[in-house]
Amino acid sequence: MTILSDLCDYYNLAREMKPSPVPERFWAEKKVKWAITLTSDSSIVSCIPLVDEKGNGLPLIVPQGQRTSDSWPYFLCDNHQYWFGDDPKEGKEKQANICRLHHDVLDGVDDDAARTILAFLDRVPHIDEIDASVRAILTENKDLIVFRLEGDHCYIHERPLIHDAWNAYRKDCEAVAKISPCLVTGNKCMPRAGLYPKISGVSGAQPTGASLVGANQPAFRSYGQPAGDIGAISAEAADKSSLALTYLIKDRDHRCHIGEDSVVFWADSTQQTVVDCLSFLIDPDQVSEDNSLLPKSEDKNLRDRISQCLEDIRKGMPISGIDTSTAYHVVGIAPYQARLAVRFYETGTLGDLEDNARSFLNDTEMIHVRPCSI
């Protein structure tokens, strides 16, 4: 619970940053590969790829979802098997479910794009509506598809009224959830989370994500709780901690690898100098073959200040410009099938880390060799 609580605190801190590096609740960053443009009468104008120079999908902030079954859809961001029923086994069921979900969210929303996407689903679109050359590529994988209204400069899920409708729908779903105290936040009478959101981006774990919290065997359950109930963790705490951890795992400044384990670290600070200094201290990949510090930023002054921080630590001098009472956190995570195992969790202050780093640097000091990362 301590790890989840600290991750929730980091989420709240990160949301105060402008721009925030983590999405708001009920939203998540996903790699999307296709965008379909619709006319006002729900006809398909185009289907274009959203890929970078390496062929990877573009990271977009889209409505958050988690499949509870193979036929469970996502809102405004899903693959061709749901939008077009292009699945020989469950195509009709998937298409019916995604239509039902969008009516539940968008019925009554006074927005042209909302009416267009509902009309698109109601007419039961077919994959043959897409150009054959594009269709051949689109149907190779289950890549995510988003939609745009013709003449609009944003995606449909980004329109303000639709954004608010999704948030309202998710809050209404929470309102009927089981109420209990939250062991993470300490708050009473909060909607309890069902499934803990999957964490994506962990090296070696399943591409669709893995569970950090869950119970899938009777021996792991407490007081007869069902397998899908993760105990006294509120939906808010589950969302915040999972969003924070997913961001940290994907961000180069907050993670490194030791063998097959992912090591994630963060500080209770939004100062970039603190973030970069912690990264230099922990991540060995920031040191080049000749033991010199690799350039981590285009800002030369910032790089110089970080290098000076490490040199000050080695000489026993206090770090200038950094509050040594700031807390830091380090957690080791290992993939195990559809789950994540926590190897270790360490927390303290930057002052504690400074003392330990100084001892390490002094113990490993060699003549004419730059100090290495721990």
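The values are calculated or read from the model by the stated rules, or taken from the named source; none is laboratory data. If you're wondering where the values come from, they're calculated on a predicted model, not measured in any experiment. As a convention, Cβ positions derive from the backbone with ideal geometry for all residues, glycine included, and neighbour counts pool all protein chains shown. Just the protein is used for accessible areas: all its heavy atoms, side chains included, with ligands, DNA and RNA removed. Shrake-Rupley method; radii C 1.70, N 1.55, O 1.52, S 1.80 Å.
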Subset of the stretch 45-57 [surrounded by 16 or more Cβ atoms within 10 Å (Cβ to Cβ) and in a strand (DSSP E or B)]: Cys47, Gly57
Qualifying residue in the stretch 26-33 (condition: within 24 Å of Ala168 (Cα to Cα), among the basic types (Lys, Arg) and surrounded by 18 or more Cβ atoms within 10 Å (Cβ to Cβ)): yes
Some residue of the stretch 179-195 being among the basic types (Lys, Arg), over 25 Å from Glu29 (Cβ atoms) and in contact with a strand residue (DSSP E or B) (Cβ under 6 Å, 6 or more places away or on another chain): yes
Members of the stretch 236-282 that are among the charged types (D, E, K, R), closer than 21 Å to Ala205 by Cα and not in a helix (DSSP H, G or I): Asp251, Arg255, Glu260, Asp261
Residues of the stretch 352-365 classified as open to solvent by less than 70 Å² (accessible area, probe 1.4 Å) and at pLDDT 85 or above, total: 0
Residue under evaluation Val134, criteria (1) open to solvent by less than 50 Å² (accessible area, probe 1.4 Å); (2) closer than 30 Å to Asp261 by Cα; (3) not acidic (Asp, Glu), criterion not met: (2)
